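First the structure, in the form of structure tokens, and then the observations on it.
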Amino acid sequence: MAGAIQERLRLENVCKAFRGAAGPVEVLREVSLRLAPGGFGVVTGPSGSGKTTLLMIAGLLLPADGGRTWFDGRDVSDLDEGELADIRKHGVGMVFQKFCLMPHRSALDNVRFRFRYLRHGADEAQALSLAALARVGLADKARQAARLLSAGEMQRVAIARALALPPKLLLADEPTGNLDPDSAARVMELFRELNRAGMSILLVTHNPEWVAPGMIHWTMHDGRLAPA
């Protein structure tokens, strides 16, 4: 179809360094990847290899020092923070290892937080948040304080928050790292369901057992990315 987006995400020769006590520390070294709409990409590698930095740049949360970044076919490398924030609001969902929930607020309040800077009325935000909780199997936990949920349930609340306004690209940073095996498997199955429904996903993990047929698999070592 004319005008169809061929790439959801594209990185070309992306580099990133951070200041260290002895000088710059290279974290990403000429990293390139492409993810098509509806693709499921997985980056594996040891802790400290640069996976999280890669995800932050892919999510337009961290500027690269070199190289180019495209989102939905648009070169976003030189956009200002306001323009990047607009893309993130409607195009990117983030899931973190540490959940990043407000512990004394309800699961519903945590999901509804997704709308704090968006122009949605209270009723619409409430309805979308409840629908997202139902999608991850937590409709019955909507009014429960986050601190009273299991770790697996807290991660699913975090996923619901990312899905409340469905993103074009879902990014997940070690989303099973704090979970027991059963909860981790349930979260990964949820990601696979979302991908089967057409959502583009980029996941980073140190655990290669989550790679399944149909996923694009890269490995990262010492800031360099390579096909697995």
Counting pairwise Cα distances across segment 1-120, what percent come out greater than 17 angstrom?
65
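Length gain on complete extension for the stretch Q144 to N207, per 0.36 nm per residue less the alpha carbon to alpha carbon distance? Working shown, then result.
On the way: separation 63, 0.36 × 63 = 22.68 nm, distance 3.11 nm.
Difference between extended and current length: 19.6 nm.
If contacts are Cα pairs under 8 angstrom and at least 6 residues apart, what is the relative contact order of the chain in percent? Provide the component values of the computation, followed by the final result.
Values: 434 pairs, mean separation 68.3, N = 228.
Contact order relative to length: 30 percent.
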Counting other C-beta atoms within 10 Å, which of M102, M199 has the fewest, and how do the rest follow?
M102, M199
Based on the alpha carbon coordinates of segment 103-146, what radius of gyration and maximum Cα-Cα distance (Dmax) apply, in Å?
9.9, 27
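With a 10 Å radius around each residue's Cβ, average the other Cβ atoms per peptide and rank 155-167, 207-219, highest first. Could the numbers behind the result be given before it?
Working: 155-167: 24.2, 207-219: 14.3.
Sorting 155-167, 207-219 by mean packing, highest first, produces 155-167, 207-219.
Given 0.36 nm per residue, what is the gain on full extension from Y117 to A226 after removing their alpha carbon distance, in nm?
Numbers: separation 109, 0.36 × 109 = 39.24 nm, distance 3.71 nm.
So the extension gain works out to 35.5 nm.
Cα-Cα pairs above 21 Å in segment 1-70: how many percent?
Details: 720 of 2415 pairs.
Result: 30 percent of Cα pairs exceed 21 Å.
Determine, from the Cβ-Cβ distance of K98 and R29 and an R0 of 22 Å, the FRET efficiency 1/(1 + (r/R0)^6), rounded to the nearest 0.05.
Details: r = 27 Å, r/R0 = 1.22.
After rounding, the FRET efficiency stands at 0.25.
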Taking the alpha-carbon set of segment 144-228, what are its Rg and Dmax in Å?
13.7, 43
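Give the dimensionless ratio obtained when the Cα radius of gyration of the chain is divided by 2.2 N^0.38 Å.
Details: Rg = 17.5 Å, N = 228, 2.2 N^0.38 = 17.3 Å.
In units of the 2.2 N^0.38 Å rule of thumb, it is 1.01.
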Taking the dipole about the Cα centre of the chain, with the C-beta of Lys and Arg at +1 and of Asp and Glu at -1, give me whichever of G152, L84, A172 is farthest to the positive side.
G152
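Every number here is computed from the coordinates shown, using simple stated rules; none is lab data. Source: prediction; values computed, not measured. Glycine also receives a Cβ, built like all others from the backbone with ideal geometry; neighbour counts cover every protein chain displayed.
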